[in-house]
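The values are calculated or read from the model by the stated rules, or taken from the named source; none is laboratory data. These numbers were taken from a predicted model, which means no experiment stands behind them. Cβ sites come from the backbone with ideal geometry, for glycine too, and all protein chains shown count toward neighbours. Only protein heavy atoms, including side chains, enter the accessible area calculation; ligands, DNA and RNA are left aside. Shrake-Rupley method; radii C 1.70, N 1.55, O 1.52, S 1.80 Å.
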Amino acid sequence: MADDTQAYKGPKRVFSGVQPTGDLHLGNYLGALKKFVALQDDMECVYCIVDLHAITVWQDPKELADQTRQIAAAYLASGVDPAKAIVYNQSAVRAHSELAWYFNCVARIGWLNRMTQFKDKAGKNSEKMSVGLYDYPVLQAADILAFKATHVPVGEDQKQHLELTRDIAAKFNHDFNAPNFFPLCEPLIKGPGARIMSLRDGTAKMSKSDPSDNSRINLTDDADKIAKKIRKAKTDAGEMPADIEGLEGRPEIANLVGIYAALAERTDADILAQYGGQGFGGFKSDLADVAVAALQPITDLMVRYLSDPEELNRILAKAADRATEIADPIVADVRKIIGFCGS
Ligand code: AQP
């Protein structure tokens, strides 16, 4: 695998996406958006709002476009610059759907059966879920490979899906005797914020679909709400540990320390050295200040962007044209490689 990654000689390109399925939270910000901004000066970046993924579960047609603009506003407010990065919604670029079908014929059912995210989301109701939810990782592979993306910044929950993307790319290259046609993309997961956990349960991922709003900090929360949620965040009967070993078996404390470190751009060890031996009150109060200082400017800017939906529509449409210019020739080559008549 490693040799194959290096063997790909095409340009380096970043692709990632976020679903328009509700308010973005701190996990989405630290696991994805913050990384998006950091990469846009170094490589060509394609940042998608994955509305085709969103409809794998029911979305109200009256709300989908608003939700899509909400994510676009969050991208821009976080610092993604549409003059540098390509920011568009997935359904506006046909290459995603077309390539997903070709990859449906490359991916194996056994591979999809192993995907833990589908099992987690479907629970005991897998028979009643849409085929799209089951097939979600194949569309994700098409998203990435329609741009021959070489780097994919995501949170840790997406690791298994990116391994599947690499498997699909490798099998396509092998089956069609097209060595290195698709790159084996490199996940950019490591670093602070890769896995932010629920404020109510340090063993569960912070998630949009958690029924408890107190489990997450939303990018739309105001300063009071952020402070209240952090005050209420679950801790334990002990005190703040002074070193990393002291976080062992204390997932809620480890999560809060990780959030502090990621937002303040400091290390966990540094935070622990400062607060070790103290109660949680002062630490939580400082964490709330750090969170408000980092998130409030983003929230304010989001409101400004959302006040002009037509401008957001224009930004998305222009970027969709740029995305189509990159993806269409790649998918045309795929048609030729597969051997379709007239391609
Ligand atoms: N808790 C998290 N910590 C770090 N990164 C996270 N991401 C999501 N949750 C965390 C990353 O955010 C990006 C966008 O995610 P998404 O909206 O496309 O889908 P998701 O992973 O399904 O987000 P949620 O909040 O967990 O939604 P539900 O509740 O619907 O499952 C991805 O890069 C993801 O890794």
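From the list Ala74, Ala146, Ala92, Ala141, which residue is crowded, with 21+ Cβ neighbours inside 10 Å and away from the ligand (no atom under 15 Å from the Cβ)?
Going through Ala74, Ala146, Ala92, Ala141 in turn, just one is crowded, with 21+ Cβ neighbours inside 10 Å and away from the ligand (no atom under 15 Å from the Cβ): Ala146.
Among the residues of region 1-38 satisfying the criterion of being of a type in the set (Ser, Thr, Tyr) and near the ligand (Cβ under 10 Å from one of its atoms), which is modelled with the lowest pLDDT?
Among those residues, the one meeting the criterion is Thr21.
Quickly run through region 171-205 and pick out the residues that are away from the ligand (no atom under 16 Å from the Cβ), part of a loop (DSSP other than H, G, I, E, B) and polar (S, T, N, Q).
Asn177, Asn180
Being more than 16 Å from the ligand (Cβ to nearest atom) and open to solvent by less than 10 Å² (accessible area, probe 1.4 Å) narrows it down to one residue among Ile217, Ile271; which is it?
Within the list Ile217, Ile271, the selection yields Ile271.
Looking at the structure I just gave you, is Arg231 within 15 Å of the ligand (Cβ to nearest atom) and surrounded by fewer than 19 Cβ atoms within 10 Å (Cβ to Cβ)? Show your work before the answer.
On the way: within 15 Å of the ligand (Cβ to nearest atom): no; surrounded by fewer than 19 Cβ atoms within 10 Å (Cβ to Cβ): yes.
The answer is no for Arg231.
Which of the residues that make up region 305-325 are touching a helix residue (DSSP H, G or I) at 6+ places or on another chain (Cβ under 9 Å) and either outside any helix (DSSP H, G or I) or in contact (Cβ under 8 Å) with a residue 40 or more places away in the chain (or both)?
Hits for region 305-325 are Tyr305, Leu306, Pro309, Leu312, Asn313, Ile315, Leu316, Ala317, Ala319, Ala320, Ala323, Thr324.
Test Phe340 against the criterion of being of a type in the set (Phe, Trp, Tyr) and within 30 Å of Gly238 (Cα to Cα), and give yes or no.
Spelling it out, it is not the case that Phe340 is of a type in the set (Phe, Trp, Tyr) and within 30 Å of Gly238 (Cα to Cα).
Cβ-Cβ below 6 Å, separation at least six or inter-chain, first residue in region 52-79 and within 16 Å of Leu316 (Cβ to Cβ), second surrounded by fewer than 16 Cβ atoms within 10 Å (Cβ to Cβ) and not β-branched (Val, Ile, Thr): which pairs?
Arg69/Pro309
Go through the residues of region 122-134 one by one and say whether even a single one is open to solvent by 10 Å² or more (accessible area, probe 1.4 Å) and not in a helix (DSSP H, G or I). Before the answer, list the steps.
Kept after step one, since they are open to solvent by 10 Å² or more (accessible area, probe 1.4 Å), are these residues of region 122-134: 123-134.
Then keep just the ones that are not in a helix (DSSP H, G or I); that gives 129-130.
Taking every residue of region 122-134 in turn, at least one turns out to be open to solvent by 10 Å² or more (accessible area, probe 1.4 Å) and not in a helix (DSSP H, G or I).
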